[in-house]
Each structure stands twice: as C-alpha cells, then as structure tokens.
Amino acid sequence: DTAVSQTPKYLVTQMGNDKSIKCEQNLGHDTMYWYKQDSKKFLKIMFSYNNKELIINETVPNRFSPKSPDKAHLNLHINSLELGDSAVYFCASSQQGMGTDTQYFGPGTRLTVL
Amino acid sequence: SQQGEEDPQALSIQEGENATMNCSYKTSINNLQWYRQNSGRGLVHLILIRSNEREKHSGRLRVTLDTSKKSSSLLITASRAADTASYFCATAFSGSARQLTFGSGTQLTVLP
C-alpha cells in the first residue's frame, strides 16, 4: 500500500563506513528525488532522476552516488561516511519531474554517523 | 540563496484558533506549494498556488500569494491538535522549473 517506501528507517554507523539507503515507489511516477534534512529541518535537494536518467545533481560530495536500476527505484549509496552526513534522508517521487508536480515523500531514513 | 523562508519559525496556539504562517522568497516563481510534516514522518502535499493566482482554498486551508511582495501565507482555520506539525513552503523558480526549493519550515503546536 505504501506509495514511497525507504529502508532502513534508522541507520547508525561508524565514520568511514559505506552504507546504502533504498527507495521504491509504486505510484508509476517517472521522477524520483533524494533530499537531505538537517537538524534545523532545512530540506535540500540532492539528486533527481527521470526515467532512470540523472536530471538534477546539486553540489553534493561525490561520496554520494545515486543508482536507479529502474524508474520505480532510486537507491543512495554513501562512501566513507563523515560526521556531517548525519541527517534524515528523504526519497520522493513525482509524475513528471516538473515544478508543478506534487511530490510524494517516503518516511525518511535517519542516518547517524558516530 | 533562493529558498523560501518561513515565518515564524515556531507558533503555539490553542485549539480552535486560527494559525497563520508566512513564506518569503527572492526570485520569480512558477508556483508555490505548501507541505506538512508530522514528527518523524515524510512531507505531505497540502496545496499548490500558481503565480497567476492570488488565493486558493482547500478545506480549512487558505493560501494567498503576493508576487509583488514575493510572499505567501498559509492560514489554517479552527485549528485542531492534529494540525500540530511543521509546515513548509516550496517554490518552483522560473529559472529552474524542474525542482522545488524548500525552506526550513514553521513548527506549529496546537494545544488542546
């Protein structure tokens, strides 16, 4: 039933490790996004994929690599985790990837880097 | 930066009162959206207002847009405890119509 799902919900790891967050949407949307929400609740776009093609890539360290095996999935892999990567990461999807779209968000993954 | 900025950062009211939150932005927009985020959850879309619209209603929500002042307001009437959440405005700027830019939100607490 869940429209946009993410796993895991919580991720606690040591500095320097590599981790992945998975996202799936069953809405049939063409576009998926990754956002980072910091401790002050500021939500910043990281990446956007449209039909498996990267269309938005904000200034994000190249330790972050999104992977879209098909248009229903957009996973986020993070190498060499740093303390500053601690945040809540949200996946979202929308119909066409236009600014007029409604975006549907997953429940978030709270990443804590120790 | 281009992101919208919500004001106030936090708002506490009694159940039944109206809550007004404001959003200001810096450059021309195609549209502006409001989202709600309950604690520990993802954002949920509330309403979209286009740049050529001045006011829009949805249930107990009323959104206004003043493009000359580059500002929008969200009014929640007859608030309920269940309205307690963070409220974000998100703007689709004319120059980057493929993405939304979010602010840091207004934390609304409705006391029973």
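Read-outs: derived from the displayed coordinates by stated rules, not from any lab. Because the structure is a prediction, the values reported are computed rather than measured. Using ideal geometry, Cβ is built from the backbone for each residue, glycine included, and neighbour counts are taken over all protein chains shown.
For the range B:1-44, build the convex hull from the C-alpha positions and give me its volume per residue in Å³. Before the final figure, lay out the partial values.
Working: hull volume 5.4 nm³, N = 44.
Hull volume normalised by residue count: 122 Å³.
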- Note on the structure: Charge dipole of chain A built from unit charges on the beta carbon (Lys, Arg +1; Asp, Glu -1), centred at mean Cα; most positive-end Cα among A:G16, A:M46, A:T31 is A:G16
- Query: With a sphere of radius 13 Å drawn around the Cβ of B:I47, what net charge do the other residues whose Cβ falls strictly inside it have (Lys, Arg +1; Asp, Glu -1)?
  - Reply: +3
- Item | Shielding score for A:30-36, defined as the mean number of other chain Cβ atoms within 10 Å | 1
- Task: Send over the per residue convex hull volume for the range A:56-114, Cα only, as a whole number of Å³.
- Result: 102
- Item | Estimated Rh, the protein assembly as shown: Kirkwood, alpha-carbon pairs, angstrom | 18.0
- Taking the range A:5-114 and dividing mean pair separation by its residue count, relative contact order in percent (alpha carbons under 8 Å, at least six apart): 37
- Task: Could you work out which residue, out of B:R54, B:R98, B:R62, moves most in a Gaussian network model of chain B, that is, has the largest mean-square fluctuation with Cα springs under 10 Å?
- Result: B:R98
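Filter the cross-link list A:K36/B:K26; A:K36/B:K70; A:K36/B:K56; A:K71/B:K70 down to pairs whose alpha-carbon distance in this structure exceeds 27 Å. Walk me through the numbers on the way to the answer.
On the way: A:K36/B:K26 22 Å; A:K36/B:K70 25 Å; A:K36/B:K56 29 Å; A:K71/B:K70 35 Å.
Too far apart for the 27 Å limit: A:K36/B:K56; A:K71/B:K70.
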- Note on the structure: For chain B, the percent of all C-alpha pairs falling in each 5 Å bin, from 0 up to the bin holding the max distance, is 2, 13, 25, 25, 19, 10, 5, 1, 0
- Express the relative contact order of chain B as a whole percentage, based on alpha carbon pairs under 8 Å and six or more residues apart in sequence. 38
- Note on the structure: Inter-part gap, Cα centre of the range A:68-96 to Cα centre of the range B:12-73, in whole angstrom, is 27
- Query: Once you treat every alpha carbon in the range A:1-112 as an equal point and sum by Debye, what is log10 I(q)/I(0) at q = 0.23 Å⁻¹?
  - Reply: -1.35
- Item | FRET E, pair A:S5, A:S39, Förster distance 25 Å, beta-carbon r, rounded to 0.05 | 0.55
- Query: Any idea what Rg and Dmax come out to for the range A:13-63 if you just take the C-alpha atoms, in Å?
  - Reply: 13.0, 36
- How big is the C-alpha Rg of the range B:51-112 next to the rule-of-thumb value 2.2 N^0.38 Å, as a ratio? 1.28
